[in-house]
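Down below is the structure, laid out as structure tokens.
The values are calculated or read from the model by the stated rules, or taken from the named source; none is laboratory data. Just so it is clear, the model here is predicted, and its values are computed rather than measured. Cβ sites come from the backbone with ideal geometry, for glycine too, and all protein chains shown count toward neighbours.
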Amino acid sequence: MTDAEKLAEGDSTEVHDADRPPGSGTGTQPAAQIETTSTEPVLRVQNLVKHFPIRRGVFGKQVGAIHAVDDVSFDLYAGRTLGLVGESGSGKTTTGRAVIRLVEPTAGSVMLDGRPLTAETRAKDLARGMSMVFQDPMGSLNPRLSAVANVAEPLRIHKSGTAVERRARATELLDQVGLRADQVERVPAEFSGGQRQRIGIARALALSPKVIILDEPASALDVSVQAQVLNLLRRLQSDLGIAFLFISHDLSVVRHLCDRVAVMYLGEIVEIGDQEQIFTNPLHPYTQALLSAVPIPDPDAKRERIVLKGDLPSPVDPPAGCRFAGRCHRAQDICDVEAPVLKIRTGAQPVACHFPGPAGGAG
């Protein structure tokens, strides 16, 4: 074993599900074996893969694939929020869409409340257990229907209650997200962007889901409206105990809303941990680079900016070793040939890096 391999081995243990229950601490056992008093996860994603085939010719022969998501695993608990972060092209949105089966995964499993979520069950009973809020609310709402009709639509599709009961439920939800009774008959074009997102949130709540996937829900809104929507989400989570999978590139928003954070790079989770761990003690060079770009409100505070060299590698032909090696200042020979495994480090969060350590350190 080379010196680099010995250093990379360290005091660590492979994480099979890439996560652990909140409050379980860190250690040298796999996360799945750590004893905890917490309940079982409401959502468990294991070894999720999504490759989009590239086809050419008259007969559509497959000549390659886009590796959008590769072997992603995490657990999500009731009343908690897991943030998925990373630059554009990291696979965050595809992960969310694959979890809820808007795109069919290539491999892997999704368990909702201990039951497998498949293409068949997604269309039936388990559809009530998970919903999604999109970045562009206008694109997810029927422009010809009123706000109340849009919110009642999932109830109609699933034949829940009478028409009168569905309308009463939709009106109640619109009130819950902050819209007045005299606004419910307006169509989406008559609302502001923030109000439309509130309608989208109300629609996502219609079937009383246990998990809501939030795909950049505030990124298209003004800063003041963003804060209102985020505070609304926190209140709803506190009142209803819903679990959120929050997809965002805005780390300031993630810090405000999320309990745990998973950092994605080119389709893989490279670091995952409690919000405080990730923001105060990031171990992966990519996480450190992302955090170094977050503005600091204190004008006297100084932070060294880590500028990544090069571009994101092509997901059509990802590197054989560490996918971040070509942009990493710590990379050594082993990084080009051996992919690091997401591991729990003693006293720290799971990280997929041969040479993890504090910013500026050698690991």
* To do: Tally the residues that are under 19 Å from residue 228 (Cβ atoms), among the charged types (D, E, K, R) and part of a helix (DSSP H, G or I), restricting the search to the stretch 152-187.
  => 1
* Determine if the stretch 287-301 includes at least one residue that is out of contact with any strand residue (DSSP E or B) (no Cβ under 9 Å at 6 or more places or on another chain), assigned to a loop (DSSP other than H, G, I, E, B), touching a residue at least 12 places away in the same chain (Cβ under 8 Å) and not aliphatic (A, V, I, L, M). => yes
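Keeping to the stretch 306-362, report how many residues are among the small types (Gly, Ala, Ser) and surrounded by 15 or more Cβ atoms within 10 Å (Cβ to Cβ).
Number of matching residues: 9.
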* Asked: Of the residues that sit in the stretch 267-289 and are in contact with a Phe, Trp or Tyr (Cβ under 9 Å, 6 or more places away or on another chain) and among the hydrophobic types (A, V, I, L, M, F, W, C), which one is surrounded by the most Cβ atoms within 10 Å (Cβ to Cβ)?
  -> 272
* **Residue match in the stretch 111-125 (condition: under 27 Å from residue 313 (Cα atoms), surrounded by 22 or more Cβ atoms within 10 Å (Cβ to Cβ) and under 17 Å from the mean Cα position of the chain (by Cα))** => no
* Asked: Can you tell me how many residues in the stretch 128-146 are among the basic types (Lys, Arg) and either farther than 27 Å from residue 221 by Cβ or free of Cβ contacts under 8 Å to residues at least 24 places away in the same chain (or both)?
  -> 1
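Within the stretch 209-219, can one find any residue that is more than 24 Å from residue 43 (Cα to Cα), touching a residue at least 40 places away in the same chain (Cβ under 8 Å) and of a type outside the set (Phe, Trp, Tyr)?
Let us first name the residues in the stretch 209-219 that are more than 24 Å from residue 43 (Cα to Cα), namely 219.
Add one more test, that the residue is touching a residue at least 40 places away in the same chain (Cβ under 8 Å), and what stays is 219.
Cutting the leftovers down to of a type outside the set (Phe, Trp, Tyr) gives us 219.
The answer is yes; a qualifying residue exists.
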* Asked: Is it true that residue 145 is under 26 Å from residue 101 (Cα atoms) and either in contact with a Cys (Cβ under 8 Å, 6 or more places away or on another chain) or buried (at least 19 other Cβ atoms within 10 Å of the Cβ) (or both)?
  -> no
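Yes/no per residue for (1) at pLDDT 90 or above; (2) out of contact with any helix residue (DSSP H, G or I) (no Cβ under 8 Å at 6 or more places or on another chain):
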site: 128; (1), (2): no, yes
site: 133; (1), (2): yes, no
site: 140; (1), (2): no, no
site: 173; (1), (2): yes, no
site: 176; (1), (2): yes, no
site: 184; (1), (2): yes, no
* Asked: Filter the stretch 203-219 for residues that are buried (at least 17 other Cβ atoms within 10 Å of the Cβ) and over 30 Å from residue 163 (Cβ atoms); which is nearest to the chain's Cα centre (by Cα)?
  -> 215
* To do: Return the only residue of 173, 179 being touching a residue at least 24 places away in the same chain (Cβ under 8 Å) and within 25 Å of residue 112 (Cβ to Cβ).
  => 173
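With more than 26 Å from residue 279 (Cβ to Cβ), modelled with pLDDT under 95 and assigned to a loop (DSSP other than H, G, I, E, B) as the only criterion, which of 359, 320, 348 stands out?
320
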* Single unsatisfied condition, residue 149 versus (1) among the small types (Gly, Ala, Ser); (2) in a loop (DSSP other than H, G, I, E, B); (3) more than 22 Å from residue 218 (Cα to Cα) -> (2)
* Asked: Out of curiosity, is residue 196 touching a Pro at 6+ places or on another chain (Cβ under 6 Å), at negative phi, charged (D, E, K, R) and outside any loop (DSSP other than H, G, I, E, B)?
  -> yes
* To do: Check the stretch 216-234 and report whether any residue there is of a type in the set (A, V, I, L, M, F, W, C), in a loop (DSSP other than H, G, I, E, B) and within 18 Å of residue 88 (Cβ to Cβ).
  => yes
* Structure fact -> Residue hits (the stretch 212-229; over 14 Å from residue 202 (Cα atoms) and among the hydrophobic types (A, V, I, L, M, F, W, C)) are 218, 220, 221, 223, 225, 227
* Structure fact -> The residue from 284, 256 that alone is within 19 Å of the chain's Cα centre (by Cα), at pLDDT below 90 and not aliphatic (A, V, I, L, M) is 256
